[in-house]
């Protein structure tokens, strides 16, 4: 087990290292000099040169790569070209919205999908199954940002239950924050819940067809006992993979959804940075998101090994 | 005392009748054998007793167990009966256990669902039961997972689950079909012992007459969902009164007619101290890769026209050896000569040699690309020829070879799914024959077939060997078949050939302990005199 | 009995998808109104007999814009699937043919790497470097499709490689390349068609998302995602601006998904055997 975790950890570090190189090279390709961009068209060459020195742009590319990576390891993401403030502070402000939003959505998606998938699988062909499958078919087809707009139209503009956007800040209290994130989270969660429910259903149906389910029934277990004691844990193994994948979709989706609700999260930050050509911010936020995705993949792998003893032994 | 009486049992699935008026009885302490080929309805009869039938099933008739008709029981009542009064063991031990639970948990579960006992007590019962099925706790602790056990050991766990509460009836559906012959003998002994000790009724379902004959007191023979013959086992074999019984019996011990091969014939294949190593996956990041020797310095010859058997249990290296002879994998030591031409270790086998050897596999369903026509499937080995046949020659050769295996030349335009298992095996033989090889490696060629079809394929193989002076390397775990079709036999164990010689000599007077053990495990039909 | 549902899925899905494909094709020759022509006098008209789906704040006909927008969506998604197939499938076949080799390891590790970048992040990086545009959206979605097809192909091919008919082809002296083309590929085509349909619908969703945040097709090319973005500030008084493009996306994606499901069930030999 320990060896397995170590091995996955090693591959996590390797993926991150290669990803950082890819991101660095991609951003380096960009034509133009951030220093002259920051100072405007009329800047004196001396001033530009001084700023280049200050930003460390005159060092060799390799040195700069290691400075960037080394800085990130210590939580230093460099200085924003536009605002001249540390990027880490900007990110720290924004991540307090994006991360809770993604996690909230993941929670909602799981809470909706599990029962739906289980009911659909255990009552295969019933009215419940057909309606759940129909609903998920629709849920998968709805773009989350459009669904978000419909939610705003209905719950904010018509019913006035929620505000149409903005975020009061966590200082206003936990519930105020959660309330502001509820519509965005629902919008994010619904399509993912649909996918998850479908995976849950088919995985459970596959498992229910396995020989060991018949063995369990021959021992005298009722269908319900068979489901809870034998089918679910085995069916969960492929579902875990999907949950891991979904986290990266949710993070990416959060970036888009923040636009609908005017939430000051990482999404707003990155789009602002793109339009202002604040590349160091783009670079750092992308790296951070990649880190989050890779970390979740790692956690899923470990969860896999916990759920399945065969994996533990194998590697 | 009669334990179970099945009367006029009829079953239809989605209105399609599959069982017709089945009658049989089982008494306490007695064993009933149910025999049938695939599709005979033997497994569905068993599942009817357990009331674990597939969706859309409708049952009629009566299944009286211990004075009460099981067909009148509610599902909740059946749950109380299953596992407590009636236990069941299935064919495939590799998949019959939950992979994410320990064997202790799974055996204990039988106790937990039926009795009010603590977790600790249930585990104790599990431990005792596992001991009872000869899985000693110090060697096989309760915390083992199924994937850590072999097939035979897993089947013992399944049996332990079924007998943990000492049921009065045990149903075993092909319990040994997936197991090696020596393991099969042990599991059958175990079942015999348990029936005796617990005065338990046993229903043993099998396609193999030999397995049932040895252990059953009564027998039922089924075909197409009907009982065609039944009675005391001895009487059934003595009288052979029903033609189907007779046919099954004859097919089981079928010996194809062949012209004897002179032992002075020239040597076709010479395998000289061949070894085959596999690199095992690295266990740790920095540990060196380990090697596993699957075939160890094996030497033997096959003469022209000779049929040589290669027997051994799963994992003994017989398939690896076959792949080396086919030129699919390089060998690490020794040499292989075919028709005087030699391939040394670490050399790729040239196509001039490969075209002299062809192969027939076990599984008639997996051996063909489902997207190609039979014609194209059979023609595949043409790839090995230097001068590929022209269009007319191609058509003529395919038609000829299809006819030589008993198919019509028009079958070449069909797809493989239009053929039965036996026909597919004929197509596989046609594919092997099409470039007129000197040697055909037959890898369990009849193991997946029903006995009656098996006999036809064996006859075909014998005839072809005579007609074309073909040599066979006949690989099988089925010693009865090997005895009936081969001239000489090689016995393989752990990568070594432990004994070789004339088939009759080896079978009647085995020298090596392993051969003796193997032969004594083979179920024998009454009236067979070997 | 169940096979009726599959057939129905297939037909409904095909009809929905075809409607939008047709709309896209027809838009090259004819639309009810010219979408490049501004007509401020008729701005923000409600849906009615003159403007079926109403007009936007520049007085452009929404129906016409949806027809032209279908082009963008379909083109982006098709090319992106094409990229995924042409790059991913050969990689997957090669990885399976030489499994556990350095090549396999390399292909699978680079797959993992690409998987760490959701399509949106790839698009963000490309846009940060080259500026926004439809081509960048295609590349971003296309790159994301590569590992999807590579993994699917490798997995399916690996299980085929263990089958006896592959061993038979090897005894016939055929090499890994030839076996991949002759035996593996024909047996995974169905799978690829089904996954292709799914990726096609995902591509339409992704394109809509990218152009919604301004990373996709740029004005004046109409696209469903940008129509939605522009409608957002007017949603309280002109909800039709947000509704119709949204319906277009949902129906296209729904159609493709139903079609894909129907195809999968149609191809699935287990289901076909049942109906036999």
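The values are calculated or read from the model by the stated rules, or taken from the named source; none is laboratory data. Since the structure is predicted, the reported quantities are computational estimates derived from the model, not experimental observations. We place every Cβ from the backbone using ideal geometry, glycine too, and count neighbours over all the protein chains shown.
What number of residues within the stretch A:144-181 are touching a residue at least 60 places away in the same chain (Cβ under 8 Å), away from chain C (no Cβ under 13 Å) and assigned to a helix (DSSP H, G or I)? Don't jump to the end; show me each part of the working.
At the first step, the residues of the stretch A:144-181 found to be touching a residue at least 60 places away in the same chain (Cβ under 8 Å) are A:144-145, A:148-149, A:152, A:164-167, A:170, A:177-178, A:180-181.
With the extra rule that they be away from chain C (no Cβ under 13 Å), the set shrinks to A:166-167, A:170, A:177-178, A:180-181.
Next cut, assigned to a helix (DSSP H, G or I) only: A:170, A:177-178, A:180-181.
Residues flagged as touching a residue at least 60 places away in the same chain (Cβ under 8 Å), away from chain C (no Cβ under 13 Å) and assigned to a helix (DSSP H, G or I) within the stretch A:144-181 amount to 5.
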### Query
Among the residues of the stretch B:331-352 satisfying the criterion of being under 32 Å from the mean Cα position of the chain (by Cα) and within 14 Å of chain C (Cβ to nearest Cβ), which is surrounded by the most Cβ atoms within 10 Å (Cβ to Cβ)?
B:338
### Message
Here is a check on your reading of the model: is residue B:309 surrounded by 22 or more Cβ atoms within 10 Å (Cβ to Cβ), touching a strand residue (DSSP E or B) at 6+ places or on another chain (Cβ under 9 Å), under 17 Å from residue B:477 (Cβ atoms) and in contact (Cβ under 8 Å) with a residue 24 or more places away in the chain?
### Response
yes
### Task
Identify all residues within the stretch B:19-34 that are buried (at least 18 other Cβ atoms within 10 Å of the Cβ) and farther than 23 Å from residue B:199 by Cα; write none if there are none.
B:19, B:22
### Summary
Residue hits (the stretch A:226-258; surrounded by fewer than 22 Cβ atoms within 10 Å (Cβ to Cβ), touching a residue at least 24 places away in the same chain (Cβ under 8 Å) and more than 16 Å from residue A:195 (Cβ to Cβ)) are A:227, A:232, A:233, A:237
### Task
Quickly run through the stretch B:107-148 and pick out the residues that are facing chain A (nearest Cβ under 8 Å), assigned to a helix (DSSP H, G or I) and at pLDDT 90 or above.
B:109, B:110, B:113, B:114
### Message
Looking at the stretch B:149-158 only, could you name the residues that are touching a strand residue (DSSP E or B) at 6+ places or on another chain (Cβ under 9 Å) and either more than 11 Å from every other protein chain (Cβ to nearest Cβ) or more than 23 Å from residue B:86 (Cα to Cα) (or both)?
### Response
B:155
### Of the criteria (1) in contact with a helix residue (DSSP H, G or I) (Cβ under 7 Å, 6 or more places away or on another chain); (2) within 14 Å of another protein chain (Cβ to nearest Cβ); (3) at pLDDT below 80; (4) surrounded by 17 or more Cβ atoms within 10 Å (Cβ to Cβ), which one residue A:35 fails
(2)
### Task
Test residue C:158 against the stated conditions and say whether it is surrounded by fewer than 24 Cβ atoms within 10 Å (Cβ to Cβ), in contact (Cβ under 8 Å) with a residue 24 or more places away in the chain and more than 28 Å from residue A:256 (Cα to Cα).
yes
#### Entry: Flag for residue C:25 being within 25 Å of residue C:139 (Cβ to Cβ) and exposed (fewer than 15 other Cβ atoms within 10 Å of the Cβ)
yes
### Query
Within the stretch B:195-269, which strands (runs of 3 or more DSSP E) (wholly inside it) include 1 or more residues that are closer than 28 Å to residue B:132 by Cα?
B:201-206, B:218-223
### Message
For the stretch C:235-251: of the residues being part of a loop (DSSP other than H, G, I, E, B) and facing another protein chain (nearest Cβ under 8 Å), which is farthest from the chain's Cα centre (by Cα)?
### Response
C:236
### Task
Could you tell me which numbered condition residue B:171 fails, if it satisfies all but one of (1) without any contact (Cβ under 8 Å) to a residue 24 or more places away in the chain; (2) surrounded by 22 or more Cβ atoms within 10 Å (Cβ to Cβ)?
(1)
### Message
Take the residues in the stretch B:195-213 that are buried (at least 21 other Cβ atoms within 10 Å of the Cβ) and at pLDDT below 90; name whichever of them is farthest from the chain's Cα centre (by Cα).
### Response
B:213
### Query
Which condition does residue A:207 not pass, out of (1) within 7 Å of another protein chain (Cβ to nearest Cβ); (2) in a helix (DSSP H, G or I), if it passes all the others?
(1)
#### Entry: residue A:220, sole failed condition from (1) at pLDDT 90 or above; (2) assigned to a helix (DSSP H, G or I); (3) more than 20 Å from residue A:257 (Cα to Cα)
(2)
### Task
Please tell me if residue B:84 is assigned by TED's automatic domain parsing to the domain that holds residue B:159, assigned to a helix (DSSP H, G or I) and at pLDDT 90 or above.
no
### Task
Just give me the residues in the stretch A:152-180 being under 22 Å from the mean Cα position of the chain (by Cα) and buried (at least 21 other Cβ atoms within 10 Å of the Cβ), in sequence order.
A:167, A:180
#### Entry: Scan of the stretch B:312-330 for residues that are under 23 Å from the mean Cα position of the chain (by Cα) and either crowded, with 16+ Cβ neighbours inside 10 Å or on the phi < 0 side of the Ramachandran plot (or both), ordered by number
B:312, B:313, B:314, B:316, B:317, B:318, B:319, B:320, B:321, B:322, B:323
### Query
Can you pull out the residues in the stretch B:377-418 that are under 21 Å from residue C:183 (Cβ atoms), more than 14 Å from every other protein chain (Cβ to nearest Cβ) and in contact (Cβ under 8 Å) with a residue 40 or more places away in the chain?
B:413, B:414
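Let's see how each residue does on (1) part of a helix (DSSP H, G or I); (2) surrounded by fewer than 23 Cβ atoms within 10 Å (Cβ to Cβ):
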residue	(1), (2)
B:396	yes, yes
B:427	yes, no
B:441	no, no
B:448	no, yes
### Query
Looking at A:236, A:240, which one is part of a helix (DSSP H, G or I), closer than 14 Å to residue A:118 by Cβ and within 14 Å of chain B (Cβ to nearest Cβ)?
A:236
### Query
Of everything in the stretch B:87-105 that's under 27 Å from the mean Cα position of the chain (by Cα) and more than 8 Å from chain A (Cβ to nearest Cβ), which residue is farthest from residue B:62 (Cα to Cα)?
B:103
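Residue under question is residue C:260, and the condition is that it be at the interface with another protein chain (Cβ under 8 Å from one of its Cβ atoms), more than 23 Å from residue C:59 (Cα to Cα) and at pLDDT below 90; does it hold?
Details: at the interface with another protein chain (Cβ under 8 Å from one of its Cβ atoms): no; more than 23 Å from residue C:59 (Cα to Cα): yes; at pLDDT below 90: yes.
No: the conditions fail for residue C:260.
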### Task
Among the helices (runs of 4 or more DSSP H) lying completely within the stretch C:143-234, list those that include at least 3 residues that are more than 30 Å from residue C:61 (Cβ to Cβ) and within 14 Å of chain B (Cβ to nearest Cβ).
C:164-171, C:176-179, C:185-212
### Message
As an exercise: evaluate residue B:459 against (1) closer than 14 Å to residue B:313 by Cα; (2) surrounded by fewer than 18 Cβ atoms within 10 Å (Cβ to Cβ) and give the number of the one condition it does not meet.
### Response
(1)
